[in-house]
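Please read the structure below before turning to the comments.
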Amino acid sequence: MSEGGLFVTLLESVFGNGLGFDVVADDPDIRKDGYWFGESQSRVVVSVKPGRLAAFKKALGDHPHEELGFVTHGSVEIDGMDWGNVLTWKEKYDEAIAQLLAGTETDAALSTL
């Protein structure tokens, strides 16, 4: 899991290929901010081709897991809401890191995210 939680993990996983994702929080008892941005340990994100999903689930057996959604062609959608394009998020991500490295105030750098 990345710093920034599940949302940042998903973004970082698609930055290199320009793909996106359409995901839905599966647990209504967890606040949305905690679900997407919480930095809980012991979570793993795996992308599986649709044709291999049944075999993957079989390999998991009874281990707890949840399906978040699917890969898209660049759009980012969370819980039915359009969050824009992955390229826009990549620019914001890169700018925030550059601002931090340049000594820009932390709040200003993080506000770009």
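The values are calculated or read from the model by the stated rules, or taken from the named source; none is laboratory data. Just so we're clear, the structure is a prediction, and the values are computed from it rather than from any experiment. Here the Cβ positions follow ideal geometry from the backbone for every residue, glycine too, while neighbour counts run over all protein chains shown. Quick note on the areas: whole protein, heavy atoms, side chains included, nothing else; ligands and nucleic acids left out. Shrake-Rupley method; radii C 1.70, N 1.55, O 1.52, S 1.80 Å.
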Could you check how many residues of the range 4-32 are modelled with pLDDT of 90 or more and of a type in the set (D, E, K, R)? 4
Please identify the pairs in which a residue from the range 44-62 that is without any contact (Cβ under 8 Å) to a residue 24 or more places away in the chain has its Cβ atom under 7 Å from the Cβ atom of a residue that is not in a helix (DSSP H, G or I), counting only partners at least 6 apart or on another chain. Phe56/Val48
For the subset of the range 53-64 comprising residues that are under 24 Å from the mean Cα position of the chain (by Cα) and open to solvent by 100 Å² or more (accessible area, probe 1.4 Å), which member is farthest from Val24 (Cα to Cα)? His63
Only residues that are open to solvent by 30 Å² or more (accessible area, probe 1.4 Å), free of Cβ contacts under 8 Å to residues at least 40 places away in the same chain and within 22 Å of Lys57 (Cβ to Cβ): list them for the range 1-13, please. Ser13
The range 14-40 residues that are at positive phi, paired with ones that are outside any loop (DSSP other than H, G, I, E, B) and of a type in the set (Val, Ile, Thr) (beta carbon under 7 Å, 6 or more apart): Gly18/Val86
Can you find, within the range 73-101, the residue that is nearest to Phe21 (Cα to Cα) among those that are surrounded by 13 or more Cβ atoms within 10 Å (Cβ to Cβ) and of a type in the set (Ser, Thr, Tyr)? Ser75
Name the one entry in Phe21, Phe70 that is open to solvent by 80 Å² or more (accessible area, probe 1.4 Å) and within 22 Å of Lys90 (Cα to Cα). Phe70
For the range 35-51, which positions are surrounded by 11 or more Cβ atoms within 10 Å (Cβ to Cβ) and either within 13 Å of the chain's Cα centre (by Cα) or farther than 16 Å from Gly4 by Cα (or both)? Tyr35, Trp36, Phe37, Gly38, Glu39, Arg43, Val45, Ser47, Val48
